[in-house]
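**Student:** Mind looking over this structure? Questions follow.
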Amino acid sequence: MIPWFEVPVLHLWIVSADLPSLLAIGGALVAMAMVRYGATRADLSPRRALDGLVFLVLCGLLFGHVAEVAIYHADAMRADPRLLLPWRGGFYSLGAFLGVAVGVPIAFRGPGRGLRWEYLDVLVPAALLGAGIVRLGCFAGHHHAGRLTSFPLAVLYPGGARFDLGLCEAILLFALVLANAVFGNRWRAIAGRAAVSLCLGYAVGRLVVELLRGDDIELLGRRSDARYWGLTLVQYATLALAMLGAYWLWRHRHRYNRSTLGARD
């Protein structure tokens, strides 16, 4: 078992910051560096890749905040609409998924109605690595308590050992990054297959992680996610993402990449 621990606030010169915040910043910087390296290696435009990454992050943060307020603080929002302002805090991952889904066709629109899949093949692994580092911050702050368990990697929360979903998702994300390192070159023989394969793997893994989410964490003074027919909203979203990913891979199973990856924008 992992003993309960608390990470003190770090005082850096005139700035104070907690470890989860520092890891969130670090995750973003690592993702940006990986995108720049991947785009250069694939002979794509690093500027377009980085601009697209920043745009998608902003879309995710904005939609994630709005979803948090609209779903969990609707009454307070009606009383004070200023809660919707981005700097008022709060974030829901389902909204972030929606924001990224809206942003991708805008940032990486290709000829006609298509997408520049080769950019997504670079962005998705970088985003997963950055998100894994962010989730380590969630683990350090014990932000997401799971079910009571005797699993060896459980954290000894007050009242009993529980899964820590931040740690569970970090392990999932790093495993997907490792899979990309091993199979990425083969996947990229078809533009988009690396991105879709990783998204499919994430969707299936996140669905499993959500099954470990605690439904009794009011005992810890926290809010349990609502269930609808036994599943959370995030689980429905990951099911939809998994089905879309599986359909895309099936539909394009015979399509080979004939695009000119060497052409810069």
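Each value in this text was obtained by applying a stated rule to the coordinates, not by laboratory testing. Computed from a prediction, not measured in an experiment: that's the story for all the values here. Cβ placement follows ideal geometry from the backbone for every residue including glycine, while neighbour counts extend to all protein chains displayed.
**Student:** For the ranges 182-189, 127-134, 140-147, 30-37, what's the packing order if you count other beta-carbon atoms within 10 Å of each residue, average per peptide, and put the highest first?
**Tutor:** Averaged packing, sorted descending, gives the order 127-134, 140-147, 30-37, 182-189.
**Student:** On to the next question. Cα axis of helix 46-72 to longest principal axis of the chain: angle in degrees, 0 to 90, nearest 10?
**Tutor:** 30
**Student:** Between W13 and H73, what length comes free when the chain is fully extended (0.36 nm per residue of separation minus the Cα-Cα distance, one decimal in nm)? Mind dumping the intermediate values first?
**Tutor:** Numbers: separation 60, 0.36 × 60 = 21.60 nm, distance 3.60 nm.
Gain in length upon complete extension: 18.0 nm.
**Student:** Still on this structure, I have one more. Considering the options L156, A79, V134, tell which one lies farthest towards the positive end of the dipole of the chain, charges being +1 on Lys and Arg and -1 on Asp and Glu at the Cβ, about the Cα centre.
**Tutor:** Going by the Cα projections, it comes out as V134.
**Student:** Here is a further query. Determine the dipole magnitude for segment 1-96: charges of +1 sit on the beta-carbon of Lys and Arg, -1 on that of Asp and Glu, nothing else is charged, the reference point is the Cα centre, and the result goes in debye to the nearest 20.
**Tutor:** Working: 7 positive and 7 negative charges, 75 e Å.
Using Cβ point charges on Lys, Arg, Asp and Glu, segment 1-96 gives about 360 debye.
**Student:** Around Y157, which amide H atoms from residues at least 5 apart in sequence, or from another chain, sit under 5 Å from its own amide H, with H modelled in the peptide plane?
**Tutor:** Amide H neighbours of Y157, under 5 Å, 5+ apart: R162.
**Student:** Using the alpha carbons of segment 60-104, what is the convex hull volume per residue in cubic angstrom, as a whole number? Intermediate results must be reported in sequence, preceding the final value.
**Tutor:** Details: hull volume 2.5 nm³, N = 45.
Taking the convex hull of the Cα positions in segment 60-104, it is 56 Å³ per residue.
**Student:** Separate question: Can you tell me the orientation of helix 19-41 relative to the chain, as the angle in degrees between its alpha-carbon axis and the longest Cα principal axis, to the nearest 10?
**Tutor:** 10
**Student:** Semi-axes of the equivalent ellipsoid of segment 1-111: what are they in whole Å, largest first, if each equals the square root of 5 times a C-alpha gyration tensor eigenvalue? Present the calculation step by step, with values, prior to reporting the outcome.
**Tutor:** Numbers: eigenvalues 165, 117, 33 Å².
Those come to 29, 24, 13 Å.
**Student:** Right, here's the next one. May I have the convex hull volume per residue, in Å³, for the Cα set of segment 128-190?
**Tutor:** 88
**Student:** Taking only Cα atoms, what is the 0 to 90° angle, nearest 10, from helix 117-141's long axis to the longest principal axis of the chain?
**Tutor:** That works out to roughly 10 degrees.
**Student:** Write down the percent of antiparallel bridges among all DSSP beta bridges whose residues are both part of the chain, to the nearest 5.
**Tutor:** So the antiparallel bridges in the chain amount to around 90 percent.
**Student:** Among D80, D121, D225, which one shows the highest mean-square fluctuation when the chain is modelled as a Gaussian network with alpha-carbon springs under 10 Å?
**Tutor:** D80
**Student:** Report the net charge of residues surrounding L136, where surrounding means a beta-carbon distance below 12 angstrom and charges are Lys +1, Arg +1, Asp -1, Glu -1.
**Tutor:** So the environment of L136 carries a net charge of -1.
**Student:** May I ask you to work out the translational diffusion coefficient for segment 77-236 at 10 °C, viscosity 1.306 mPa s, via Stokes-Einstein with Rh from the Kirkwood sum over Cα pairs, reported in whole µm²/s?
**Tutor:** Answer from the Stokes-Einstein relation: 90 µm²/s.
**Student:** Let me ask you something else. Calculate one ³J(HN,Hα) per residue across segment 142-159 by plugging θ = phi - 60° into the Karplus curve 6.51 cos²θ - 1.76 cosθ + 1.60, and present them in order as whole Hz with x for glycine and proline.
**Tutor:** 6, 6, 10, 7, x, 6, 5, 7, 10, 4, x, 8, 6, 9, 7, 5, x, x
**Student:** Here's a follow-up. Per the Cauchy relation, a quarter of the hull surface: what is the mean projected area of the convex hull of the alpha carbons in segment 96-167, in nm²?
**Tutor:** That works out to 6.3 nm².
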